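Structure first, then comments.
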Amino acid sequence: MEEATTAPQEAFSFTPVDVEARKKLDFNSGDNVRVWSKIEDKGKYRLQAFEGIVLARKHGTSPTATFTVRKVSNGVGVERVFPLFSPMIDKVEITKKTKTRRSKLYYIRDKAVKEIRRKMKQILLGKESVETQEENTEESPKE
């Protein structure tokens, strides 16, 4: 009979990502995070930060786990969906922890739109009131 050799097994990894460290990341929806992603630029890679609020985490710690981050850049809302175990993500920093009552914060999109509409309305009403005040001062008789 053949004897099975018990050679020490080397830990073989299918991905360059430290999977255990990514599983232990403790951030939820509502937290502010800074995601350092690798961007290919002329054959080289550079790190670029994307900082914003986490709207959702999906699929827990499975290989297909993702999280959505939203930020406002130059007055425009920008959202990115990052795969949790992507090798293109260098690191995820948690900048601020918050307590939320929801696991998915998609309502923030509508909330931002309503806020912008309200501000625009105030600006328009503010200009109209200034114009009417100027007209009233011109029409009033001067002594």
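Is there a residue being surrounded by 14 or more Cβ atoms within 10 Å (Cβ to Cβ), touching a helix residue (DSSP H, G or I) at 6+ places or on another chain (Cβ under 7 Å) and modelled with pLDDT of 95 or more anywhere in the stretch 54-65? Yes - at least one qualifying residue is present in the stretch 54-65. Report the residue count in the stretch 75-84 for those that are within 11 Å of the chain's Cα centre (by Cα) and under 17 Å from Lys24 (Cβ atoms). Of the residues in the stretch 75-84, 1 are within 11 Å of the chain's Cα centre (by Cα) and under 17 Å from Lys24 (Cβ atoms). One residue stands out among those in the stretch 85-103 that are surrounded by 14 or more Cβ atoms within 10 Å (Cβ to Cβ) and either under 12 Å from Asn28 (Cα atoms) or in contact with a helix residue (DSSP H, G or I) (Cβ under 6 Å, 6 or more places away or on another chain) (or both): the one that is modelled with the highest pLDDT, which is Ile94. Consider the stretch 70-84 and keep the residues that are surrounded by 11 or more Cβ atoms within 10 Å (Cβ to Cβ) and over 30 Å from Glu20 (Cβ atoms). The one that is modelled with the highest pLDDT is Val78.
For the structure I just gave you, tell me whether Ile39 is surrounded by 14 or more Cβ atoms within 10 Å (Cβ to Cβ) and assigned by TED's automatic domain parsing to the domain that holds Thr100. Taking the combined requirement at face value, the residue does not satisfy it.
Can you say whether Val130 is at pLDDT below 70 and either part of a helix (DSSP H, G or I) or surrounded by 10 or more Cβ atoms within 10 Å (Cβ to Cβ) (or both), as far as the supplied structure shows? Spelling it out, Val130 is indeed at pLDDT below 70 and either part of a helix (DSSP H, G or I) or surrounded by 10 or more Cβ atoms within 10 Å (Cβ to Cβ) (or both). Screening Lys99 on (1) touching a strand residue (DSSP E or B) at 6+ places or on another chain (Cβ under 6 Å); (2) over 12 Å from Arg22 (Cα atoms); (3) not acidic (Asp, Glu) shows it passes everything except condition (1). Quick check, is Val72 part of a strand (DSSP E or B), in contact (Cβ under 8 Å) with a residue 24 or more places away in the chain, under 11 Å from the mean Cα position of the chain (by Cα) and assigned by TED's automatic domain parsing to the domain that holds Ser29? So Val72 fits the description; yes.
The values are calculated or read from the model by the stated rules, or taken from the named source; none is laboratory data. The structure presented is a predicted model; accordingly, all values stated were derived computationally and were not measured. Cβ sites come from the backbone with ideal geometry, for glycine too, and all protein chains shown count toward neighbours.
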